[in-house]
């Protein structure tokens with residue numbers, strides 16, 4: 001999955017339905033979510049912020065950008081970390097990353 005956003009934009013939000021290895025939506029009832037993002041090829045995290053669980057039963061999560069998140073043009077990799085009610089942690093996707101492309105704007 002590749003997500004495109006223009007530099008300094010705060011919309012559209014990233015929307016994701018988190019699924020297990022069988023393709024079944026993960027029940028996020030009682031869980032919390034965070035978005036982590038870094039520039040490809042680097043280890044420094046550029047975004048580590050809370051995400052919103054939109055519909056827990058069907059695994060729907062949303063991250064709403066702030067302008068600082070999209071200030072630097074480039075290719076990034078992101079993941080959504082879920083902390084379950086029993087304090088266990090699972091990261092999605094667990095077989096790679098969400099690619100985020102921040103492209104420059106004209107003005």
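Values quoted throughout were computed directly from the atomic coordinates according to the rules given, and no laboratory measurement underlies them. Model, not experiment: these values are computed from the prediction. Ideal geometry is used to build each Cβ from the backbone, glycine not excepted, and the neighbour counts take in all protein chains shown.
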* Asked: Would you list 46, 83 from fewest to most Cβ contacts within 10 Å?
  -> 83, 46
* Asked: In the chain, what % of DSSP beta bridges are antiparallel (nearest 5)?
  -> 85 percent
* Report the residues of the stretch 45-71 in range of a label on residue 104: point 7 Å along Cα→C-beta, backbone N strictly under 17 Å from it. => 70-71
